[in-house]
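Enquirer: Sharing a structure with you now.
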Amino acid sequence: MSKEEVQTAIFQQGKQSIKLPMPVYIRASASVVGKKEGEGPLGALFDMIGSDGLFGAKNWEEAESTLQKEAVSLAMGKAGMKKEDIRYLLAGDLLGQEVATCFGVADFEIPFFGLFGACSTCGESLSLGAMTIGGGFAGNVACVTSSHFASAEKEFRFPLEYGGQRPLTSSWTVTGSGAFILSSTPGQKSRAKITGITTGKIVDFGLKDSFNMGCTMAPAAADAIHANLKDFRRKPEEYDKIITGDLGTVGKEALLDLLKAKGVDISAQHMDCGIEIFDQKTQNTNAGGSGCGCAAVTLSAYILKKIEEGVWKRVLFVPTGALLSKRSFQEGNTVPGIAHCVVLEGI
Amino acid sequence: MEELKNMKHNDEETKEQYKEYVKTVTPTKNLWLQMVKAFLVGGIICIIGQGILNYCESLGIDKETSGSWCSLLLVLLSVLLTGLNIYPGIASFGGAGALVPITGFANSVAAPAIEFKKEGQVFGVGAKIFTIAGPVILYGIFSSWLLGLLYWCGTLFGWW
């Protein structure tokens, strides 16, 4: 292809980023979590905390659907919108064929795109939502993602009551759902704005250990963050925080080392939702929290609050995902990673 | 650190180097402490078993029947503790000390039964109850068959 042909997209920024032509506003958001998350360090900030894991449902999958339903309803309520005002719903979870999402959001009757990016889905939904609005295809979009400890254990690991020891590198799937209402207009009040995105690539460094997802995702996070800094020609200091989704304590170390080797030091700015959401010492969560819900509820309850308060002006939000299924793992496949960057700024 | 610089997606050399690097940042549990915990938990389970055995024998029950009572009661205890969600905590503390005795086996059968009950009696409990214990049963029976065959051959050739 000739050079002219390649450079036809007007909003492209660098190799894999987009600079939104006009900011996309996060009008409102909501977070619904389980009991353990409610007892964690961020407990007081969540909108709704379930008293048990079932949320009034018959099984774990339905419980996760309830999480999404509640999160979307709450977020729409806060934004002062009805379901008719939302043009698209972008959502996903970790279960096979996204059953938690499908059954959770069906009753809203909003045109729907189901997404899968493992635990990076929150970033994927915000990216696509921002593109949809930025491109002029929708006025309001809802993005929602969820995970549930019990349904994820059942899907990927062992039955809940099975006794075993969890390795120190393992993470604890967050029971929670975060919903965000994106809009082309700021309305009366907005929490933050999205000004750019960097879409991550699938990166596989060959690890096969599904109990060390932090290290399987770290290369993808490093790659995406590096690409973001390069594409936007920014230094790490130009972000008040660079916040990954669920690398945990072990993955964080790998991320910092991988970036240092590329000559980028983000140790002063870096934070990880998985490390923030639980107290490792008292809650027995080993490396930290994980899951689609981890980054989503932390963004809604904690990160957006800090941006709103003006403590942080510009934040790079980087949810991370480990791409595996029980089958791919059993058949000896590697666990590749993915990460999506979303640039968030104060109003 | 230097080797991290040139790492690439899906590259054989990267895979080797990254695996080595990850080993250096992966925390490990203290083996000695783990062994002490396993010894304690495993020991306590065995003491309970011995207690049952001794009690049965004191009632005048023969040794073999007492042994059956011992296994039965330990399995019952383990299943009850699994249902009450206490056994996972014991296993998390005691590791192999809680997994190796018969109680660990009972837990591995009871746990899927509880979890998959929601999927029905046939395709849920029926099909998935042995998802964890299945391999132990299969290879346990297979190896005893193999040894039996060996024993039979031995008697045929007059080895013993």
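Enquirer: Consider A:GLY200 against the criteria (1) under 21 Å from A:ALA118 (Cα atoms); (2) at pLDDT below 95: it satisfies all of them except one. Which criterion is unmet?
Expert: Exception for A:GLY200: condition (2).
Enquirer: Give the residue that is surrounded by the fewest Cβ atoms within 10 Å (Cβ to Cβ), with candidates limited to residues of the stretch A:158-211 that are among the charged types (D, E, K, R), within 11 Å of chain B (Cβ to nearest Cβ) and closer than 30 Å to A:LYS19 by Cα.
Expert: By that ranking, first place goes to A:LYS201.
Enquirer: Here's another thing I want to ask about it. When you look at A:ALA268, is it away from chain B (no Cβ under 11 Å), out of contact with any helix residue (DSSP H, G or I) (no Cβ under 6 Å at 6 or more places or on another chain) and surrounded by fewer than 24 Cβ atoms within 10 Å (Cβ to Cβ), yes or no?
Expert: It is true that A:ALA268 is away from chain B (no Cβ under 11 Å), out of contact with any helix residue (DSSP H, G or I) (no Cβ under 6 Å at 6 or more places or on another chain) and surrounded by fewer than 24 Cβ atoms within 10 Å (Cβ to Cβ).
Enquirer: Please go through the stretch B:100-125 and give me each residue that is more than 7 Å from chain A (Cβ to nearest Cβ), in a helix (DSSP H, G or I) and open to solvent by 50 Å² or more (accessible area, probe 1.4 Å), ordered by number.
Expert: Listed by number, the residues that qualify are B:ILE102, B:PHE105, B:LYS117, B:GLU119, B:GLN121, B:VAL122, B:PHE123.
Enquirer: Since A:TYR88 meets every condition but one in (1) without any contact (Cβ under 8 Å) to a residue 40 or more places away in the chain; (2) more than 27 Å from A:GLU153 (Cβ to Cβ), which condition does it not meet?
Expert: (1)
Enquirer: For B:GLY83, state whether it is in contact with a helix residue (DSSP H, G or I) (Cβ under 7 Å, 6 or more places away or on another chain), more than 30 Å from A:VAL335 (Cα to Cα) and at the interface with another protein chain (Cβ under 9 Å from one of its Cβ atoms).
Expert: yes
Enquirer: So, one more: How about the stretch A:90-191: which helices (runs of 4 or more DSSP H) wholly inside it have at least 3 residues that are among the small types (Gly, Ala, Ser) and within 30 Å of B:VAL109 (Cβ to Cβ)?
Expert: Per the criteria, A:149-156.
Enquirer: Which residue out of B:LEU76, B:LEU53, B:LEU138, B:LEU147 is loosely packed, with under 13 Cβ neighbours inside 10 Å, under 30 Å from B:LEU40 (Cβ atoms) and either under 22 Å from the mean Cα position of the chain (by Cα) or modelled with pLDDT of 95 or more (or both)?
Expert: B:LEU76
Enquirer: Quick check, is A:GLY77 surrounded by fewer than 24 Cβ atoms within 10 Å (Cβ to Cβ) and part of a loop (DSSP other than H, G, I, E, B)?
Expert: No: the conditions fail for A:GLY77.
The values are calculated or read from the model by the stated rules, or taken from the named source; none is laboratory data. This one's a predicted model, so the numbers in the text were calculated from it and none came from an experiment. We place every Cβ from the backbone using ideal geometry, glycine too, and count neighbours over all the protein chains shown. Note: areas computed on protein heavy atoms with side chains; ligands, DNA, RNA excluded. Shrake-Rupley method; radii C 1.70, N 1.55, O 1.52, S 1.80 Å.
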